[in-house]
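Remarks on the structure that follows.
Rule-based calculations on the coordinates, nothing more; no lab input. Keep in mind the model is a prediction, meaning the values are calculated, not measured. Quick reminder, even Gly has a Cβ in these numbers, built from the backbone with ideal geometry, and neighbours come from all protein chains shown.
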Amino acid sequence: MPTYDYKCEKCGHEFEDMLPISRRNEPTKVPCTMRILDANQDPQYFDCDGEVKMKVAVPGFAYDNISSPGHKKSTPNWMKDKLKEIKRQTYKSTMNIPE
Ligand SMILES: [Zn+2]
């Protein structure tokens, strides 16, 4: 089950919830339940009631995505050398070295 991050717009309280995708918006429908202390009020503690928003997850930055139009994706030399080195050290390795 994926984990989603939420943040209260009012008090900044952040929390995460493990929910099925179909229920990921549910925590945003409920006002923030954080207890806020305000010495000037009576009672001094009150519910935040702020609007809870889901934080947008940043997708992972994958190596395979580094390519731009007009530039062919290639394996850097240092990586080829490293692969060759590993292959040499591995008995009967059948690993393919990208050229
Ligand atoms: Zn809040």
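For residue 55, a cut-off of 18 angstrom between C-alpha atoms picks up these aspartates and glutamates, skipping any fewer than 8 places away in its own chain: 5, 9, 14, 16, 17, 26. Extension gain, residue 10 to residue 51, is 14.1 nm, computed as 0.36 nm per intervening residue step minus the present C-alpha separation. Database remark: amide H of residue 53 closer than 5 angstrom to the amide H of 7, 8, 9 (H placed geometrically; neighbours at sequence offset of 5 or more, or on other chains; Pro and chain starts carry no H). Only Cα pairs under 8 Å and 6+ residues apart enter the sum, and on that basis the relative contact order of region 1-57 stands at 41 percent. Computed from the Cα positions only, the extents of region 3-54 along the three principal axes stand at 41, 14, 14 Å, in decreasing order.
Taking the Cβ of residue 56 as the centre, find all other residues whose Cβ is under 13 Å away and add up their charges (Lys, Arg: +1; Asp, Glu: -1). Summing Lys/Arg as +1 and Asp/Glu as -1 gives +3.
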